[in-house]
Every structure is written in structure tokens, then in C-alpha cells.
Amino acid sequence: MSIFLYPVYALFHLVLLFWGIWAWMKTKDMSLLITIGVSFGLVYDNLVLSIGIILPPGELLYYISFPRFILHQLVLPWIIYASYLCVLTAGISPLIRRSWVVLLSFIVMGLGIFTRVLPLKLEPVLMDGVYRYVFNGAAGPPIVSILAIGFSACMGFLLWRKLGWPWVFITSVLVFVGEGIPVEMIRRSVGSGGEVLFILAMIGTSEMFFKTKPTVNR
């Protein structure tokens, strides 16, 4: 299944990346710029996994696999700030200040660096017909994903409760559910589908509310 899904996901994320860039060029919205960064990381991730369909383990696959993990830890934490900015742009005033959210994003990024980047050692595996390099020695839960997507779900819940816009919340929950599937093969493929929908929701939310609601300064 993965040999069909990863190229499709790569194409979807590439389309979302160009849509995000186009929307940012119109709005210059910071939340869109951050989402573009996350979207680029997902394009790269799925492209490398697609290459693993035809390329066996070796130096090339090894070295192009490293940025998959580094981008995830450096860029994903800032989806915390992006989702917060979406809420501000929609005219909602959260109880947490902007400076605290920026600090939280830095802290989560630091946790990702110390728990996943610095000890990173990749090993090749064949999974569902796809060669890939994985970090089998990772200790503890995926802190960056839990905190970043969890915070986005909280911001998405505010958008749903205040404005009846449920999409950021729903897609955040889908990513959580996908990442929690115990079977590795299914988790990778289903979770990647949830990521497509999450980026779609983030870009759509930023673009929709940028010109329709006043931004709340905090």
C-alpha cells in the first residue's frame, strides 16, 4: 500500500506547498509562512519515502534521509505559534500571551533537538515494500509531535467553539489518532494522510480569516 500512497502524498503536499506560497504572497501572514515551512518538510519526507520504493539502502538514501528527521524537529514546533496566530487573526483572544507561545515553541524545538536530533542514528529497514532509514534507538514518546499537534488541537477547539470552524481541531485529532495506531505500517500510511488534511486545514484557516476578522494583539 505504501508504494502507492507515498507518491500520492508527496504530490498532495507539493500542491499544498504551492497553494500556501500563493496565499502568503497575498497576505504576508506569519502563520502561513510557518505552515509553508512545515509543508516543505512534509513534501521532502514523502519524496524521500517515495525514493525508497526504488532505491535500496546505501549512502544516497542514508544521507537524504537525515533531513527528514531534522526538519521535523526544527520546523514542526512552530506549528504551535502558527495555530495561535490563526486564532488571533480570527479575532479570538486566548488566555496565553504571544511571548509565552513563542517561548513554548522554542522549548519544544529544543526538546526535539536533544531527544531526537543529537542522538540520531539511522538504520535501514524494509517496510511495506519501501526502504527507509529509521531511528530505532529513539527513547521516549515523540514529544514534539504530541505537544505541537496537541496545542494546535486546543487552538482548533477555540475556533470551533467561538466561530463554528472545526477543521483545525478535527484534523489535529486525526493526526493524533493516526500516530497512535500500533501497527507501524498502517500508522505511517494513515498518519501521512492525516498530515495532508491538517496542512489543508491550516492553510485554509489562515487564508479565510486573514481578511474577514480583525487581529487581536496580545
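The values are calculated or read from the model by the stated rules, or taken from the named source; none is laboratory data. If you're wondering where the values come from, they're calculated on a predicted model, not measured in any experiment. We place every Cβ from the backbone using ideal geometry, glycine too, and count neighbours over all the protein chains shown.
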So which of 87, 101, 43, 15 is among the aliphatic types (A, V, I, L, M), crowded, with 16+ Cβ neighbours inside 10 Å and within 16 Å of the chain's Cα centre (by Cα)?
43
Among the residues of segment 100-140, count how many are at pLDDT below 95, assigned to a helix (DSSP H, G or I) and among the hydroxyl-bearing types (Ser, Thr, Tyr).
1
For residue 35, state whether it is farther than 29 Å from residue 129 by Cβ and either free of Cβ contacts under 8 Å to residues at least 12 places away in the same chain or buried (at least 17 other Cβ atoms within 10 Å of the Cβ) (or both).
yes
Of those in segment 144-197 that are among the aromatic types (Phe, Trp, Tyr) and part of a helix (DSSP H, G or I), the residue surrounded by the most Cβ atoms within 10 Å (Cβ to Cβ) is 151
State yes or no: is residue 158 modelled with pLDDT of 90 or more, within 24 Å of residue 84 (Cβ to Cβ) and out of contact with any Gly (no Cβ under 8 Å at 6 or more places or on another chain)?
yes
All positions within segment 51-67 that are in contact (Cβ under 8 Å) with a residue 60 or more places away in the chain and surrounded by 17 or more Cβ atoms within 10 Å (Cβ to Cβ):
52, 57, 61, 65
Mind telling me which of the residues 64, 53 ends up being of a type in the set (A, V, I, L, M), farther than 30 Å from residue 85 by Cα and modelled with pLDDT under 95?
53
